[in-house]
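**Student:** Have a look at this one.
Nothing in this text is a laboratory measurement; each read-out follows from the coordinates by a stated rule. Keep in mind the model is a prediction, meaning the values are calculated, not measured. When we count neighbours, we look across all protein chains shown, and the Cβ atoms used for this are built from the backbone with ideal geometry, even at glycine.
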Amino acid sequence: MSTHRRLALAAVSFVLGGGLALLPVTAASAAPASATAYSCHYKKSDGYEYAGHYSGLTVVPSSSTVTSAGIEAQCLLKRMHAILPDAVSSPGTVDGIFGTRSKASMRSFQRLADRDWGAGLTVDGLPGRNSWPWLRSLTV
């Protein structure tokens with residue numbers, strides 16, 4: 001077999017055998033899959049509302065990692081938004097990551113709780129030790 005023919009076969013084998021993986025990846029194909037949307041299963045207990053993901057009153061959700069506290073807070077904010085859409089903004093998709101929209105929703109909730117119920121919450125956009133009880137009790 002001639003050298004030219006061997007090079008041609010090697011090139012074809014390279015392309016057909018996976019060499020195409022070396023082609024540039026377009027932005028569309030490199031985009032991550034959409035975030036997982038979690039469901040909310042509301043129940044009431046001892047004067048508080050729960051959405052089935054976190055039952056505590058102290059954990060502050062992460063803005064970079066999915067957490068059960070993030071899912072829970074987003075579910076409760078989604079519920080508050082459904083009840084009072086003009087007062088509490090939507091937290092967006094319930095994905096467990098407490099990002100910009102979730103924080104904006106929490107700030108609107110904290111302002112509402114302060115203004116209408118004298119909660120005395122720090123309007124920081126994070127459900128912490130003082131905000132969780134209000135978030136759980138006002139949706140009941």
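**Student:** Quickly run through the stretch 36-75 and pick out the residues that are in contact with a strand residue (DSSP E or B) (Cβ under 9 Å, 6 or more places away or on another chain), in a strand (DSSP E or B) and touching a residue at least 40 places away in the same chain (Cβ under 8 Å).
**Tutor:** Lys44, Glu49, Tyr50
**Student:** Would you confirm whether or not the stretch 91-108 contains a residue that is over 15 Å from Thr36 (Cβ atoms), among the acidic types (Asp, Glu) and assigned to a loop (DSSP other than H, G, I, E, B)?
**Tutor:** no
**Student:** So, one more: Any idea which residue in the stretch 76-108 is surrounded by the most Cβ atoms within 10 Å (Cβ to Cβ), counting only those that are β-branched (Val, Ile, Thr) and free of Cβ contacts under 8 Å to residues at least 40 places away in the same chain?
**Tutor:** Among them, the one singled out is Val88.
**Student:** Output the residues belonging to the stretch 66-109 that are acidic (Asp, Glu) and farther than 15 Å from Tyr54 by Cα.
**Tutor:** Once the filter is applied, which keeps residues that are acidic (Asp, Glu) and farther than 15 Å from Tyr54 by Cα, the stretch 66-109 yields only Asp86.
**Student:** Shifting gears a bit: Within the stretch 109-122, how many residues are assigned to a loop (DSSP other than H, G, I, E, B) and surrounded by 15 or more Cβ atoms within 10 Å (Cβ to Cβ)?
**Tutor:** Residues that pass the stated criteria total 2.
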